[in-house]
Amino acid sequence: MSIQIPRGTQDILPGEVEKWQLIEEAARKLCEKFQYREIRTPIFEHTELFLRGVGDTTDIVQKEMYTFQDRGGRDLTLRPEGTAATVRSFVEKKMFGDAQQPVKLYYMGPMFRYERPQAGRYRQFVQFGIEALGSADPAIDAEVISLAMSLYKDLGLEKLKLVINSLGDKESRSAHRQALIEHFEPRIEEFCGDCQGRLEKNPMRILDCKKDSDHELIKSAPSILDYLSEESSSYFEKVKQYLTMLDIPFEVDQNLVRGLDYYNHTAFEIMSNAEGFGAITTLCGGGRYNGLVEEIGGPETPGIGFALSIERLLAALDAEKVELPLTRGIDCYVAALGDEAKDYTVGLLGKLRKAGFSAERDYLNRKIKAQFKAADRLNAKYVAVLGDDELSGNKINLKSLADGEQIEIQLDEFIEKFTELCK
Ligand code: ATP
Ligand code: MG
């Protein structure tokens, strides 16, 4: 039997890959505008990093990691997300000492999670994410959210919903934690095994459970917003005020949580409202993590970021029937007739490309009609036709495929004239 692609992964072929390139380009341009700079970290890291950085009560760590031992017996894991490695590098490379603060970084690349594959859920997927490290100003929270929203909007999505919440500070969290334990404990046996394990360890995670999300106790759970300290409350007010100033509508959802201890203050998700988008509607998730850098061994440093996947972004574009402005086509197809003319096109093609044009020719010794068909398929702007007769007469024919107009050009002036035409 022939070998097939691994489950939960995909080949992105020409025809589809142009969409990816356009999105990646849009993300990079946006980061330039917002002054986030790219960081590239390894595809694998010490497993320990994710145990600490993602947290051992999360689905990712409990069920989804591709962990292996290398030949030297090291415990390694294919990265399931980008924040832990970014923070690891921030600490290791002492970026907290950089002159430019906060340190604003972005990453883009494949992540790996052993999940049950379904629409919008892959085992290898591409995340684009940003992290702003070193500022506890609510203005940066609004900036981070605004960058994610801008990407979706710039690409043409309209049916978006931004949901935000505050997880407060340590003080707010521990008061809320106590209230959650008291709320769930009497009926905890009605919840899944995972939730039962979370009750003492991390009760906030129960609110985030995929299996028990319809349980009445989840709907009636004490809201973190009722436990916010005064400082947390005013922080949240500021974030909301700034979002309003940026014309970004939002909803507050008090059940939107991030279970880990070092997450605090702002948490947010961006979802698609598009009809027929399917069961998984979250496009992007992010939040503030003022304790993470310390957890990874660095100095106390506030941080905030988000991550989104290109796969779900593409699914949202599909659901809203947005056509990306892909520019397909080449500048010139060189069609040749006769052996000498064919030889000549090797040099001509080289000159065209050197001059900055995209150009193609026939490599299968096809008849002139088939060469024109190929030019059509490539969406060529022009076809340059060269036969042995033209060659000996120092001429070449140029046909515009847009209007069918033909002109004759002196062969030794071709590049010059073609450049002029294309201006
Ligand atoms: P979910 O609740 O859908 O499992 P998550 O909480 O695991 O999401 P995060 O770890 O916050 O997701 O990742 C951020 C974003 O990455 C998600 O909002 C989603 O867009 C995307 N993402 C996560 N897992 C996958 C996957 N397996 N395939 C494709 N995209 C994914
Ligand atoms: Mg998940």
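The values are calculated or read from the model by the stated rules, or taken from the named source; none is laboratory data. Since we're looking at a predicted model, the values are computed, not measured. So basically every Cβ, Gly included, is an ideal-geometry build from the backbone, and we count neighbours across all protein chains shown.
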Residue check for Ser223: within 16 Å of ligand 2 (Cβ to nearest atom), over 23 Å from the mean Cα position of the chain (by Cα) and free of Cβ contacts under 8 Å to residues at least 60 places away in the same chain: no
Qualifying position, being more than 16 Å from ligand 1 (Cβ to nearest atom), under 26 Å from Ala132 (Cα atoms) and in contact with a Gly (Cβ under 9 Å, 6 or more places away or on another chain), among Ile296, Ile304: Ile296
Of all residues making up the range 303-319, the number that are surrounded by fewer than 20 Cβ atoms within 10 Å (Cβ to Cβ) and not in a helix (DSSP H, G or I): 1
Residue tally, condition crowded, with 18+ Cβ neighbours inside 10 Å and closer than 30 Å to Asp194 by Cα, over the range 22-43: 0
Single residue of Val103, Val126 found to be in the same structural domain as Leu256 (by TED's automatic domain parsing), modelled with pLDDT of 95 or more, β-branched (Val, Ile, Thr) and within 14 Å of the chain's Cα centre (by Cα): Val126
Verdict on Thr327 being of a type in the set (S, T, N, Q), at pLDDT below 95 and either more than 16 Å from ligand 1 (Cβ to nearest atom) or under 13 Å from the mean Cα position of the chain (by Cα) (or both): yes
Candidates Glu300, Glu269, Glu360, filtered to the one that is of a type in the set (D, E, K, R), within 30 Å of Thr83 (Cα to Cα) and either in a strand (DSSP E or B) or touching a residue at least 24 places away in the same chain (Cβ under 8 Å) (or both): Glu269
Residue count for the range 64-97, restricted to those that are touching a strand residue (DSSP E or B) at 6+ places or on another chain (Cβ under 8 Å) and exposed (fewer than 12 other Cβ atoms within 10 Å of the Cβ): 3
Search result, residues across the range 331-357 that are of a type in the set (Val, Ile, Thr), in contact with a helix residue (DSSP H, G or I) (Cβ under 9 Å, 6 or more places away or on another chain) and in a helix (DSSP H, G or I): none
Condition check for Asp56: away from ligand 1 (no atom under 16 Å from the Cβ), of a type in the set (Asp, Glu) and more than 23 Å from the chain's Cα centre (by Cα): no
Residues that are in a helix (DSSP H, G or I) and over 19 Å from Arg353 (Cβ atoms), drawn from the range 381-423: Asp388, Asp389, Glu390, Leu391, Ser392
Some residue of the range 11-21 being modelled with pLDDT of 95 or more, within 16 Å of ligand 1 (Cβ to nearest atom) and within 30 Å of Leu246 (Cα to Cα): yes
Restricting the range 34-58 to residues that are assigned to a helix (DSSP H, G or I) and free of Cβ contacts under 8 Å to residues at least 60 places away in the same chain, the residue that is nearest to ligand 2 (Cβ to nearest atom): Phe50
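Suppose we filter Gln124, Gln118 for residues that are within 16 Å of ligand 1 (Cβ to nearest atom), among the polar types (S, T, N, Q), loosely packed, with under 13 Cβ neighbours inside 10 Å and in contact (Cβ under 8 Å) with a residue 12 or more places away in the chain; which single one remains?
After applying the criteria, what remains is Gln118.
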Pick from the range 156-168, criterion surrounded by fewer than 20 Cβ atoms within 10 Å (Cβ to Cβ) and not in a strand (DSSP E or B), ranking: nearest to the chain's Cα centre (by Cα): Gly156
Exclusive hit being touching a helix residue (DSSP H, G or I) at 6+ places or on another chain (Cβ under 8 Å), crowded, with 21+ Cβ neighbours inside 10 Å and of a type in the set (Val, Ile, Thr), set Ile218, Ile224, Ile181, Ile140: Ile224
Residue within the range 66-76 that is within 13 Å of ligand 1 (Cβ to nearest atom) and part of a helix (DSSP H, G or I) present: no
Residues satisfying the stated conditions in the range 264-301, i.e. crowded, with 21+ Cβ neighbours inside 10 Å, within 17 Å of Ser232 (Cβ to Cβ) and in contact with a Phe, Trp or Tyr (Cβ under 9 Å, 6 or more places away or on another chain): Asn264, His265, Thr266, Phe268, Gly287, Arg288, Tyr289
Residues being over 20 Å from Gly291 (Cα atoms), within 16 Å of ligand 2 (Cβ to nearest atom) and in a strand (DSSP E or B) - total across the range 94-138: 9
